[in-house]
């Protein structure tokens, strides 16, 4: 198992919440509540990293939470941790 921790940004929309990982373009999720959105994002993060490992992609290093730019009026920063089965695939941080 490989453990990864990435910062994510939670933003309030008109009818729901969106979440994205600035270090992993395309890794996004939504939900009706902040808690549900972050739970959904944890699953998205897991699937995104798992697919990257399966494809042999380089896993980018995670930014620290205090390095992430966000709009404090509408967004909050959270750190999510996921464990990914790396099987026979290697993973690297660049």
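Every number in this text was worked out from the coordinates using simple rules, so none of it is lab data. Just so we're clear, the structure is a prediction, and the values are computed from it rather than from any experiment.
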Provide the gained length on full extension for the span residue 81 to residue 58, in nm with one decimal, where the gain is 0.36 nm per separating residue minus the Cα-Cα distance. 6.5 nm
Where Rh is the Kirkwood radius over the Cα pairs of region 2-84, the temperature 10 °C and the viscosity 1.306 mPa s, what D in µm²/s does Stokes-Einstein return? 123 µm²/s
Between residue 43 and residue 2, what is 0.36 nm times their sequence separation minus the Cα-Cα distance? Round to one decimal in nm. 13.3 nm
What is the helix-to-structure angle for 34-55, meaning the angle in degrees between its Cα long axis and the longest Cα principal axis of the chain, kept from 0 to 90 and rounded to the nearest 10? 20 degrees
Restricting to DSSP H runs of at least four residues, report the calculated mean residue ellipticity at 222 nm for the chain, -39500 (n - 2.57) per run over all residues, nearest 500 deg cm²/dmol. -8000 deg cm²/dmol
